[in-house]
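Written out below as structure tokens is the structure these notes cover.
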Amino acid sequence: MSELLEKKNYNEEQYFERKLGNHYDNSQSVASPNYSVPASDQPFEEQESNVSKKKRKLSKFETIWLSLCSIIAVGAIMTSFFIRVDIIEQQRSINNLEDSITEYRSNTDILNSQITDQFNYQQIKEAADSNNMTIEKDRVRNVER
């Protein structure tokens, strides 16, 4: 602190007045333990609200750039939405195809078991005997899975 006072030619009161932003009470000494900021000066938020804020107008380039960025952002969001809808539709189609494949496999298994049952030698012999027919064992083959 002493270096700053020497460089700027401030005395201690001026230094603290400048540092505290005119909140310093001249009636009290700097080293006084009873130093306090007056109650009216305590809320800094109220002081800041009194300061008028200037609105800055955007240049044409900034307006065009902001509009372009906004359009790109909205386009990206919409594209993402359509891609998600398309993915959901494709997933639904895949699920339908998998269900169809499962159904066809079960039907194929049923048909294969029926074919196996129909080409069983015992079944053919029983059918031939019930219809008074004869069979030759060389001409009948067993179909097994």
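One table, with the values for the structure above:
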{"read-out": "Leading residue by the ranking (farthest from residue 138 (Cα to Cα)) among those in the range 106-127 that are without any contact (Cβ under 8 Å) to a residue 12 or more places away in the chain and among the aliphatic types (A, V, I, L, M)", "value": "110"}
{"read-out": "Count - residues of the range 81-125 that are of a type in the set (Lys, Arg) and either touching a His at 6+ places or on another chain (Cβ under 8 Å) or within 30 Å of residue 135 (Cα to Cα) (or both)", "value": "1"}
{"read-out": "Candidate set: the range 103-145, residues that are surrounded by 12 or more Cβ atoms within 10 Å (Cβ to Cβ) and part of a loop (DSSP other than H, G, I, E, B); chosen: the one modelled with the lowest pLDDT", "value": "143"}
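The values are calculated or read from the model by the stated rules, or taken from the named source; none is laboratory data. Given the structure is predicted, the values throughout are model-derived calculations rather than measurements. Quick reminder, even Gly has a Cβ in these numbers, built from the backbone with ideal geometry, and neighbours come from all protein chains shown.
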